[in-house]
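The values are calculated or read from the model by the stated rules, or taken from the named source; none is laboratory data. Note that this is a predicted model, so its numbers are computed, not measured. For neighbour counting, all protein chains shown are included, and Cβ atoms are generated from backbone atoms with ideal geometry for every residue, glycine included. Remember, those area values only see protein heavy atoms, side chains included, never the ligands or the DNA or RNA. Shrake-Rupley method; radii C 1.70, N 1.55, O 1.52, S 1.80 Å.
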Amino acid sequence: MMTASRKLSSFRLPPFPTVGEIIKLYNLRAEKQLSQNFLLDLRLTDKIVRQAGCLRDAHVCEVGPGPGGLTRSILNSGAKDVLVVEKDTRFIPGLKLLSEAAPGRLRIVHGDILSYRMDRGFPETISKPWEGDPPNLHLIGNLPFSVSTPLIIKWLESMANRTGPFVFGRTRLTLTFQKEVAERLTASTGSKQRSRLSIMAQYLCTVHNCFTIPGRAFVPKPKVDVGVVHFTPLVQPQIQHPFKLVEKVIRNVFQFRRKHCYKGVEKLFPEASRVKLTQEMLQSADVDPTLRPTELTIPQFRALADAYAHLCTHEPSLFNYEYRVELQMKPLTRQRNKPEDTYIMDELTKAK
Ligand code: SAM
C-alpha cells in the first residue's frame, strides 16, 4: 500500500522551469496599469492553498493565475481538475506549459472572471445539496484589488441566489484582498473596521481572515499588505430577504457611518413620509436610533430588514425610492497600490 506521502508525491509536478524562469522565458513584465503583482515564493503560495482545506481530488477554479505560482501549489496539493480563468493573453503560453506537465488536470480559459459563466465550468455531478456538506469545489485567487472587491460583491449576490459557482452548493472561497478590506470583511460588531462589507459577507458566510502577506512578498511590491480570506457559505443566511433588499438597507444605514443609525435609516424613505416611517421601522425592529451603524449586530440588521420588507409590502413603491448620494466620488483608480475605499462604495451601488 502506498504511504500518504508517496500518494501525495504522485500529484507533484515533474521538474519544471521555476515561476521566475517562466516570467523570463515569456517576457512577462507585470503591467502596472493592470495591478499585476506576482507571488514567486512557492512556500507562500502553498500556505495560501492550505487555507482552502484539503484539495485532494478537488475541483478548483483559480481566478487570475498569471505566471502560475499559485496554480502550481494547487496542482501539487492533489486537485484533480483545475480550471484557471486569466484575462491577460500573455500568460496563456506559460499556463499551457504547466498544463502539459499536469496532463488532464489543468484547463485554461482566456477570459474575464467578472463575466465568466462558472455554472457551466464544472460537471453537475459534483453538486451537493445546499443543506449538506460543501461540494469538493473551491474558488481560489490572488487578483488585483480592483477586481477582488467587485468580484466578492458579485459572488455574495450569487451566493444569496444560489447561482454561478453556488449552483453546485456551498462552494468555498479563498481570496486575497488589500489588508484593510480583509479586516473589514471579518470585522465584528463595534470594531473600527466594521462596515457594509462586514455585514454583507457575514450575513451569508462564515468569514475567516487567515493571515497577512507583507507587500514585500510580491513582485513588484505593492504599497499595501495583503490579507488572505476564507469564506464558507452558511446553510441558513442570517438575513432571509432578497439580496437587493438587504443590500439596500445595509447601504443606507452605513451612509452616515459616524452618526446615529437613524440618519441612514431615514434615507430609505421619501421626504414626505421620512420621519414617520423611520420611527415605525426602528420601533418595529426594536433598534435604538442612537446606536452607530458600526455598533449594530447582524440580528439587528435582520430586524431592520424585516421591518423595511414589511413596510414595502404595504407600500411597494417604497422599494424603488433611492436617496441621491450627492457625494462626488473620486475618479476610480485601478491600481493595486491605491486604497480601495474610493471605489468600494461605487461598486456596492453598482451591485444593486
Ligand atoms: N495569481 C498570480 C500570482 O499570485 O502571482 C497573479 C496575480 S496578479 C495580482 C492578478 C492576475 O489576475 C493577473 O494575471 C491578471 O492578468 C489577472 N486578472 C486581472 N483581472 C482579471 C479578470 N477580470 N479576470 C481574470 N483574470 C484577471
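Structure notes:
- Residue that is surrounded by the most Cβ atoms within 10 Å (Cβ to Cβ) [pool: residues in the range 80-100 that are touching a residue at least 60 places away in the same chain (Cβ under 8 Å) and not aromatic (Phe, Trp, Tyr)]: 98
- Some residue of the range 56-74 being loosely packed, with under 15 Cβ neighbours inside 10 Å and more than 11 Å from the ligand (Cβ to nearest atom): yes
- The lone exception for residue 53 - which of (1) surrounded by fewer than 24 Cβ atoms within 10 Å (Cβ to Cβ); (2) near the ligand (Cβ under 7 Å from one of its atoms) it fails: (2)
- Test: residue in the range 100-113 that is modelled with pLDDT under 95, out of contact with any Ser or Thr (no Cβ under 9 Å at 6 or more places or on another chain) and in a helix (DSSP H, G or I): yes
- Test: residue in the range 155-167 that is within 11 Å of the ligand (Cβ to nearest atom) and out of contact with any helix residue (DSSP H, G or I) (no Cβ under 6 Å at 6 or more places or on another chain): no
- In the set 219, 229, only one residue is at pLDDT below 95 and touching a strand residue (DSSP E or B) at 6+ places or on another chain (Cβ under 6 Å); that residue is 219.
- Residue within the range 270-281 that is closer than 29 Å to residue 158 by Cβ and not assigned by TED's automatic domain parsing to the domain that holds residue 165 present: yes
- Test: residue in the range 22-30 that is at pLDDT 95 or above, aliphatic (A, V, I, L, M) and assigned by TED's automatic domain parsing to the domain that holds residue 214: no
- For the range 243-258, the criterion of being outside any helix (DSSP H, G or I), open to solvent by 10 Å² or more (accessible area, probe 1.4 Å), out of contact with any Cys (no Cβ under 7 Å at 6 or more places or on another chain) and at pLDDT below 95 is satisfied by at least one residue.
- Residue in the range 122-136 that is within 13 Å of the ligand (Cβ to nearest atom) and either small (Gly, Ala, Ser) or open to solvent by less than 30 Å² (accessible area, probe 1.4 Å) (or both) present: no
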